[in-house]
Structures are given as structure tokens and as C-alpha cells.
Amino acid sequence: MDGLCRNGRLREAFQLFEEMVSRDHIVPDPLTYNVLINGFCREGKPDHARNVIEFMKSNGCYPNVYNYSALVNGLCKIGKLDDAKWVLAEMKNAGLTPDAVTYTSLISYLCTNGQVGEGIQLLEEMKENKIQADTVTFNVILGGLCREGRFEDALDMLEKLPQQGVYLNKGSYRIVLNSLTQKGELKRAKELLGLMLSRGFLPHYATSNDFLVCLCKGGMVDDAARALFDLVEMGFQPGLETWDVLIGLICRDRKLLYVFELLDELVVTDT
């Protein structure tokens with residue numbers, strides 16, 4: 001059944017399921033049902049998956065967290081948020097506590113569709129239920145906050161979450177730094193770069209170059225030079241365009257000492 005479902009042959013999988021029940025009198029368990037639920041959701045047919053759950057209940061097999069989680073995920077993928085919320089409520093009414101996968105599916109959909117506030121409420125609900133959100137969940141929320149221009153909230157999360165024992169990866173910081181750079185929020189981006197480097201995370205190579213060029217073009221040459229020093233210490237090598245822009249502006253301002261110091265630093269790092 002699982003092989004047929006994974007190959008999109010849902011009709012054959014369901015026929016096999018019916019044979020198992022009616023001909024061989026094998027009573028399916030929640031794991032068996034989940035094969036069909038996942039199969040229908042994978043094919044964008046969560047309504048059929050919903051029917052499987054109703055069939056389960058009518059035959060004395062009560063759905064578990066994984067059955068409901070698969071259905072919630074399938075509904076979110078095709079944009080049926082209200083239905084997904086209804087399934088979440090049904091889970092709770094059945095005495096089941098949604099797992100991290102269920103919450104993450106809903107949070108991801110909400111944040112991607114401009115409803116990050118509701119996503120954060122679900123995150124708080126996870127905390128109340130003592131369910132540990134993973135890095136993927138936090139990155140989804142950080143991305144949602146940045147899309148809504150809520151940079152202060154995103155930066156506050158980056159600052160405080162590690163102090164609360166939450167692990168963030170380099171992607172967490174890069175999501176926010178990329179957005180700040182693209183939106184021209186250079187002062188905030190400069191502060192975030194300092195935080196990243198202090199925690200041992202290096203920005204993406206392209207983002208580092210873009211950020212340095214933006215600082216230069218925004219009249220923040222001194223900040224660009226200092227940022228480049230810090231990045232070089234972490235092993236970063238600036239691109240040719242970045243180097244041209246930065247050195248050109250420094251020379252124009254007659255701050256040649258910066259040029260010699262940068263050259264010395266780069267040569268030492270390269271050797």
C-alpha cells in the first residue's frame with residue numbers, strides 16, 4: 001500500500017486496503033490508515049484523507065496524533081487553513097496533544113500568508129504544552145516577521161532565544177540579515193552582523209558582499225571598513241566589486257591608513 005501510494009497509484013492502494021479488510025479480515029491499525037492518509041495528502045486530496053479518518057472512527061479505530069498531523073499538513077499545503085484549524089480543534093477535543101509537526105505545518109502556512117501574529121500565538125501554545133519547537137519553526141517565524149517589516153521583533157528573538165536555551169542555526173541569522181540588507185535597514189544590519197560574528201556565525205558570501213557595498217553607497221564607509229575587518233577575521237574574502245567600491249571610497253576620503261591595514265589583513269589571512 002505504501003509503495004503504491006508513493007507512486008501515485010492511490011486507487012490500487014485503496015483496492016488493496018479493501019481486500020485486506022473484506023477478504024482477509026485483517027483489522028487495520030492507525031499506522032495502516034496513515035499510509036492512505038499520507039498518500040491522499042501527498043496527492044493534494046486531503047478531503048479523501050478526511051474520509052479515511054471518518055472511516056477509522058466508524059470502525060472503532062480512533063485516530064492518533066500522527067493521523068491528524070498528516071491531515072493538517074495536507075490541508076495546509078492546499079490552503080485550507082480553516083479546515084486545518086478545525087482538525088486541530090478536533091484533536092484537542094479528543095484529548096490528544098498536537099505534536100511539533102502539526103504546529104509547524106500550521107505556523108508555516110500562517111507566516112507564509114501574512115498571518116505571523118497567529119503563528120506566534122501557536123508558538124506560545126506549544127510552549128504552554130511543553131512542546132519544543134525546532135529551528136525550522138523559529139526560522140519560519142523569523143521569515144514571516146521580516147516579510148511584514150517587523151524587524152525589531154525578529155532581532156529581539158535572535159537576541160533572546162539562545163539565552164532561553166533555544167538553538168538557532170546560521171540560517172536563522174541569515175534570514176534576518178538578508179531582509180535587513182534588502183530593505184536598506186543598514187544600522188540594524190550592522191548590529192546584527194556584530195551579534196552573528198560574536199556567536200560564530202558567518203553571513204552568506206553574497207550577502208556579505210552586498211551588505212558591504214550597501215554600506216559604502218549609503219555613506220557609511222567607516223562602518224563598511226570595520227565590518228570588513230571583522231568578516232576577514234572570520235575567513236571572509238571580499239569579492240572584486242566589493243573591494244573596488246570600498247577602496248575607491250576610502251581613497252577618495254583620503255583615509256589611506258585603512259587601505260594599508262585592510263591589505264595587510266587580507267594578505268595575512270590569505271597566507
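The numbers here are math on the coordinates, done by the rules we state, and not lab data. The shown structure was predicted, so the numbers you read here are calculated from the model rather than taken from an experiment. Using ideal geometry, Cβ is built from the backbone for each residue, glycine included, and neighbour counts are taken over all protein chains shown.
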Inter-site label distance for HIS25 and ARG147 at 7 Å from Cα along Cβ, in nm: 5.4
Simple Cβ-charge dipole of the chain, Lys/Arg +1 and Asp/Glu -1, about Cα centre, in debye nearest 20: 380
Helical segments meeting 20 Å axial Cα length and Kyte-Doolittle 1.0 threshold in the chain (DSSP H): 256-270
Ordering of 36-45, 194-203 by packing [mean C-beta count within 10 Å, highest first]: 36-45, 194-203
Centre separation in Å (Cα based) which lies between the range 13-51 and the range 183-238: 53
Normalised contact order of the chain, rounded percent, pairs of Cα under 8 Å and 6 or more residues apart: 9
Within-15-Å neighbourhood charge of ARG9 [Cβ basis; K, R +1; D, E -1]: -1
